[in-house]
1. Among the residues of the stretch 67-95, which ones are open to solvent by 60 Å² or more (accessible area, probe 1.4 Å) and either touching a strand residue (DSSP E or B) at 6+ places or on another chain (Cβ under 8 Å) or hydroxyl-bearing (Ser, Thr, Tyr) (or both)?
2. Just to be sure before I move on: is ILE190 among the β-branched types (Val, Ile, Thr), part of a helix (DSSP H, G or I) and buried (at least 22 other Cβ atoms within 10 Å of the Cβ) in the structure I sent?
3. For the stretch 196-206, check the following and say yes or no: at least one residue is touching a Cys at 6+ places or on another chain (Cβ under 9 Å), modelled with pLDDT of 95 or more and either under 19 Å from ARG295 (Cβ atoms) or open to solvent by less than 10 Å² (accessible area, probe 1.4 Å) (or both).
4. Among PRO105, PRO170, PRO90, which is assigned to a helix (DSSP H, G or I) and either more than 30 Å from ALA362 (Cα to Cα) or touching a helix residue (DSSP H, G or I) at 6+ places or on another chain (Cβ under 6 Å) (or both)?
5. Somewhere in the stretch 41-48, is a residue surrounded by 15 or more Cβ atoms within 10 Å (Cβ to Cβ), charged (D, E, K, R) and either at pLDDT 95 or above or within 17 Å of ASN239 (Cα to Cα) (or both)?
6. Just to be sure before I move on: is VAL66 over 30 Å from VAL186 (Cα atoms) and in a loop (DSSP other than H, G, I, E, B) in the structure I sent?
7. List, please: which pairs have Cβ atoms under 7 Å, are six or more places apart or on different chains, and start with a residue in the stretch 52-66 that is closer than 17 Å to HIS166 by Cβ and open to solvent by 50 Å² or more (accessible area, probe 1.4 Å) and end with one that is acidic (Asp, Glu) and assigned to a helix (DSSP H, G or I)?
Amino acid sequence: MLNQSQDLRRNDTIIRSLTDEPQYNTKLLGCFTCPDHGLCGGLSIKGSLFDCLGLCCGDTERCTRVCPNNIERYVSQKREIMGFGLDNVPRTPLCDIDLPNGVAPLIYHGSSRSSNLPNQWIALRLSDLVNFQKKEVRFNSREHLCNSYRIGFGSEIILSGVDHDHRIEPWWALGTERFTIIQKLVHLGIRLVSSPNFSLLLDNPRTDDMHAIKRIGLIFSEFQHVGLSCALHPNGRTNKDFERWGKFISERPEIQVLAYEFITGPARKERMQFHLDSLAHLATKAGRTLDIVVRGDPSVIPFLRRFYRSVVYIDTTAFMKTIKRQVAERTNNQTLDWKPKKTHPEESLANHLEYNINEQVAFLKAAFYNEAI
């Protein structure tokens with residue numbers, strides 16, 4: 001079994017070997033004769049492979065990836081998404097939404113608080129609102145939802161689809177039940193949802209990436225078809241991926257908001273600028289103004305504000321610091337320290353959370369939105 005340091009070294013080796021960098025590497029020889037080359041664009045990586053099928057695990061009995069070497073499963077997986085192309089993603093009505101240029105704190109739960117937060121823009125996790133086993137929404141009314149999370153009844157709610165794979169893959173497994181669940185989310189007064197960020201993994205065949213890309217497009221379409229504004233999460237790992245997303249976005253005026261995460265791969269120092277430049281390209285190619293919802297490293301905000309009308313940053317720090325019994329303390333207008341706060345086991349954290357949110361939002365606006373505290 002690998003220890004943590006060995007595992008990190010292994011991950012770094014995979015990333016260096018399999019990151020697509022056409023400016024440094026030639027395209028794999030097998031890409032030129034691949035039937036999917038037109039959509040995929042091929043891989044230009046440092047690793048010694050003939051084509052991406054060299055990343056096949058060979059375990060057809062247990063593998064769940066989208067791989068041509070597991071032909072029976074592959075045909076079924078490709079059929080369920082109507083092929084890898086984005087052109088046949090159903091068109092949707094325009095779902096207008098006016099987003100703020102600012103911060104929405106992410107609220108994980110309503111425990112340890114005796115009162116609701118004041119009305120404001122807040123974020124919840126999409127996967128938390130759904131009971132995947134029962135295939136139903138966990139809350140039967142707006143009041144039930146707000147009281148459970150201890151948020152104001154008039155709060156503007158964004159649902160974040162950014163999550164670990166094991167928490168978002170069940171959304172796809174819901175099948176046609178997704179439409180019923182989306183209708184119930186509309187009934188709860190959700191203002192915006194970001195499409196699940198199905199992963200594009202370096203050490204899998206590219207067909208798995210294209211399957212994830214198509215699912216992102218289809219899920220976006222489903223949300224908006226029912227009437228819930230959706231922020232498209234254009235996951236990509238190559239220039240071709242973002243070229244495809246650019247065409248998709250530019251041809252569909254119903255796409256008004258994008259979403260992106262700078263938590264995992266895009267947050268890596270060596271790769272962040274590639275993703276930022278790709279998002280700038282999408283905004284420029286769209287031919288209209290777009291908004292974007294971001295999670296992760298807040299340092300990306302100033303760059304994105306140059307290309308997007310509104311940048312909504314979903315902050316997780318204020319909530320997590322509160323449940324760890326820490327309180328924000330300003331040292332100056334450019335830094336915010338977090339100090340331990342002694343509390344009784346049964347003491348409500350409502351006031352602490354409200355204070356921490358206010359301080360964190362003020363700090364983020366001063367540091368990244370150029371707004372005075």
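The values are calculated or read from the model by the stated rules, or taken from the named source; none is laboratory data. Predicted model, so just to flag it, every value in this text is computed and none were measured. Cβ placement follows ideal geometry from the backbone for every residue including glycine, while neighbour counts extend to all protein chains displayed. Only protein heavy atoms, including side chains, enter the accessible area calculation; ligands, DNA and RNA are left aside. Shrake-Rupley method; radii C 1.70, N 1.55, O 1.52, S 1.80 Å.
1. SER76, the sole residue that qualifies.
2. Numbers: among the β-branched types (Val, Ile, Thr): yes; part of a helix (DSSP H, G or I): no; buried (at least 22 other Cβ atoms within 10 Å of the Cβ): yes.
No: the conditions fail for ILE190.
3. Scanning the stretch 196-206, I find at least one residue that is touching a Cys at 6+ places or on another chain (Cβ under 9 Å), modelled with pLDDT of 95 or more and either under 19 Å from ARG295 (Cβ atoms) or open to solvent by less than 10 Å² (accessible area, probe 1.4 Å) (or both), so the answer is yes.
4. Values: PRO105 fails: assigned to a helix (DSSP H, G or I); PRO90 fails: assigned to a helix (DSSP H, G or I).
Exactly one of PRO105, PRO170, PRO90 is assigned to a helix (DSSP H, G or I) and either more than 30 Å from ALA362 (Cα to Cα) or touching a helix residue (DSSP H, G or I) at 6+ places or on another chain (Cβ under 6 Å) (or both), namely PRO170.
5. For the stretch 41-48, residues surrounded by 15 or more Cβ atoms within 10 Å (Cβ to Cβ), charged (D, E, K, R) and either at pLDDT 95 or above or within 17 Å of ASN239 (Cα to Cα) (or both): absent.
6. Numbers: over 30 Å from VAL186 (Cα atoms): yes; in a loop (DSSP other than H, G, I, E, B): yes.
In short, yes.
7. Taking only residues 6 or more apart or on different chains, the pairs are ARG65/ASP208.
Conditions (1) in contact (Cβ under 8 Å) with a residue 60 or more places away in the chain; (2) surrounded by 15 or more Cβ atoms within 10 Å (Cβ to Cβ), marked per residue:
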site	(1), (2)
LYS285	no, no
LEU290	no, yes
PRO298	yes, yes
SER310	yes, yes
ILE314	yes, yes
ALA318	yes, yes
GLN334	no, no
PRO345	no, no
